[in-house]
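Reading through the structure tokens given below for one structure.
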Amino acid sequence: MIHSNEAATPQAAENKQAVCTGSEILLKALASEGVEVIFGYPGGAILPTYDEIYKLGMNHILARHEQGAIHAAEGYARITQKPGVCIVTSGPGATNVVTGIADAMMDSLPMVVITGQVATKVIGTDAFQEADMLGITMPITKHNFQIRSIDELAQTVKEAFHIAVSGRPGPVLIDLPKDISEKLGIFDYEEPVHLPGYQPTVKPNKQQIRKLLDKFKEAKRPVLLVGAGVLHAQASEELTAFARKFQIPVAQTLLGLGAFPGEEELHLGMAGMHGTYAANMALHKSDFLINIGSRFDDRLTGALEHFAPEACIAHIDIDPAEIGKNVHVEIPVVGDAKEALAMLLKGSGAIAEHDEWRKQVSDWKRDYPLWFHRDGEVIKPQELIQKLYEHTKGEAIVTTDVGQHQMWTAQHFKFNKPNRWITSGGLGTMGFGFPAAIGAQIAEPELPVLAITGDAGFQMTLQEMSILQELDLPVKIVIVNNASLGMVRQWQQRFHGERYSHSLFPIQPNFAKLAEAYNIKAVKVDKLSMLDEAIAETLAHSGPVLLEVCVAKEENVYPMVCPGTGHHCMEGVEPS
Amino acid sequence: MKRTITVLVNNKSGVLNRMTGLFARRQYNIDSITVGVTENPTISRMTFVVIVDSMENVEQMIKQLHKQVDVLKIKDITDEAIVERELALVRIGATPQQRGEIASLAETFRAQAVDIGKESMTLQITGNNEKIEAFIELVKPYGIQELARTGVTAVNRSSKISTDTSRLTLIN
């Protein structure tokens, strides 16, 4: 091990490499990775790095809570497909990003999180603002590092970025002790990444692809189930071409929305607990189900014993551990979705006749569309979402938290293009949607960004309105205000004898005044006849707007597959 | 069922923690773990004996282990020709009169006396799990004062390596 202070001078002369502090090395490495923006919040242990940010004048977005910073970085990552970078301090700063890291892990978002750490000589002594971030984040990161020596810093950053973006994307954490960020070392970024234990399979096995195509030739009732893996692989085009070529109906997971055009005839909509009748029945009756890049989440499958009971299942996934994890799979294909779809497209063209199946599927779509009942001047949340879609013509990025507003948005906003839909799918994080919208707007300044949140979720991270104010980011916050924890209330109504234990918010803050405090335009609407105008006014304004929409308080999300049941017994299917 | 799984990992601090943490949160039941450095000082070898309900369970466990960046190679060697050994140290009550009897008993198992006190003696035994179980059962009547077991460590035999390649095709 070379001690940097001694070794720096001769080596630097020889390699013409500069002697730098750890902080400089870190920022040079970030620049080498093409990082354009950092989301963060300073604090004691990360101060040397912040000093360097000051000197270099890097684009840094200051959140008002670390959770806001990391969700913004997630939003940025989702839109750009590049790693979101978040820098926070040790201890509480670091623990405040834990939710965002877990969220990114569940939704496979590429992230590099840098946490300050106390100096190496006091690590393990319960020093001031010390938290064991390596231990805390071990189960919620794709990989994590603690820098023990200045000499490994640059290479570690390189490895972190490589791990975050390759294979199945995910969050990587680098814990950087303060003394190391101050030590002198050499910035050497030439060494290639060498990780013998980490070799993701990108190209699928030809035999497995052939097996899939062979089975496909016999399939009478094929269905494609599409998850976020298709979006991560940027394989929407291939997917659309494949579905069109073979005329296969496409069901999407919550996170897969946008991978296949929402307006297409073959589009069945979202499948799962609050999916469409057509998507769920197609899964239930299918004889050949091809899952691409979805992990068969329990919210999607319903009770496993009733899931796709007649189907032979093929599963394409870059993460072999996802294959066979929840559902028995006959044809496993490990690889990147884009590569797999390209190989499938090249495969033989003859397939079994399935006109009857396609007709059945479109009959389901026609007979059992998503529905709601109008109620005078009361605004129904479903109609709000439909109107947002109409007003933007779908040309918008939409983010949400978790809950009723999330499900209504997934159901009623049609996503025709990839990377327009950002939601906390796996972890179901309240407070995610608004800061994620900030990251998305920074990544995509040209598109309108709608942060559709609930009144409860918004209150978890609303302090990030500061960023909107500071940067005059034109994010449109749409609060679907039903004065409750809507989904909790719905479950209490259905499963807990209408005992609304702490889920109703009879007293609400004045959201408009809150917006005013942050110097943000506010619009409030509670009458259906005024809704169009309010939306138009919101979208027309060039800066940020908070649009509060008071909606029907007791509206429920339907249809629904209740826990423990299968897709065939949906409740609240209604029209026919 | 019991499965024996060997894992080659980077010899870095915290790697064992990553493995056991993964086992714990995914509810895989570990029977024993042994860890030691290999002929290459940068690589350690771990031997896990796990108790699982099904082969799907083992497969999932192996796939999850594979996702760890520090894991270099994993093998389920349960059905292969292997040499597996465990070591146990047992201190049992032994009066001077009983020593001879215990010594002959130990000899049958190729166990060795490694310490003798006034009223007790400590025996060392190596072998596979069953042999050790049998030995402990046998010395129980003397009164076991202390017992330490290492857990299983294992390697493939040099010949007759079975080739059941039908399983775990995704990762092997």
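The values are calculated or read from the model by the stated rules, or taken from the named source; none is laboratory data. None of the values given here were measured: they were computed from a predicted structure. Glycine gets a Cβ as well: all are built from the backbone with ideal geometry, and neighbour counts include every protein chain shown. Heads up: the accessible areas ignore ligands, DNA and RNA and are worked out on the full protein's heavy atoms, side chains in. Shrake-Rupley method; radii C 1.70, N 1.55, O 1.52, S 1.80 Å.
Some notes on this structure:
- Residues located in the range B:134-172, provided they are open to solvent by less than 90 Å² (accessible area, probe 1.4 Å), out of contact with any strand residue (DSSP E or B) (no Cβ under 8 Å at 6 or more places or on another chain) and at pLDDT 90 or above: B:134, B:138
- Any hit, the range A:215-222, residues being within 27 Å of residue A:92 (Cα to Cα) and open to solvent by 60 Å² or more (accessible area, probe 1.4 Å): no
- Within the range A:96-153, if we keep just the residues that are small (Gly, Ala, Ser) and on the phi > 0 side of the Ramachandran plot, the residue that is nearest to the chain's Cα centre (by Cα) turns out to be A:108.
- Taking first residues from the range B:1-28 that are more than 10 Å from chain A (Cβ to nearest Cβ) and partners that are open to solvent by less than 50 Å² (accessible area, probe 1.4 Å) and assigned to a helix (DSSP H, G or I), the Cβ contacts under 6 Å between residues at least 6 apart in sequence or on separate chains come to B:3/B:58; B:28/B:61.
- Contact map, the range B:112-129: residues that are surrounded by 15 or more Cβ atoms within 10 Å (Cβ to Cβ) paired with residues that are aromatic (Phe, Trp, Tyr), Cβ distance under 7 Å, separation 6+ or inter-chain. Pairs shown: B:125/B:109; B:125/B:135.
- Matching residues, the range B:38-58, being over 16 Å from residue B:6 (Cα atoms) and either within 17 Å of the chain's Cα centre (by Cα) or among the charged types (D, E, K, R) (or both): B:53, B:56
- Residue in the range A:148-160 that is farthest from the other protein chains (Cβ to nearest Cβ), counting only those that are of a type in the set (Val, Ile, Thr) and crowded, with 23+ Cβ neighbours inside 10 Å: A:150
- Of residues in the range A:114-145 being among the polar types (S, T, N, Q) and open to solvent by less than 30 Å² (accessible area, probe 1.4 Å), the one farthest from the other protein chains (Cβ to nearest Cβ): A:115
- The one condition from (1) modelled with pLDDT of 95 or more; (2) out of contact with any Ser or Thr (no Cβ under 6 Å at 6 or more places or on another chain) that residue B:37 does not meet is (2).
- Residue within the range A:545-559 that is among the acidic types (Asp, Glu), assigned to a loop (DSSP other than H, G, I, E, B) and surrounded by 18 or more Cβ atoms within 10 Å (Cβ to Cβ) present: yes
- Residues located in the range A:56-76, provided they are surrounded by fewer than 24 Cβ atoms within 10 Å (Cβ to Cβ), at pLDDT 95 or above and either assigned to a loop (DSSP other than H, G, I, E, B) or of a type in the set (Lys, Arg) (or both): A:59, A:64, A:65
- When A:508, A:490 are checked against the criterion of being part of a helix (DSSP H, G or I) and touching a residue at least 12 places away in the same chain (Cβ under 8 Å), A:490 stands alone in meeting it.
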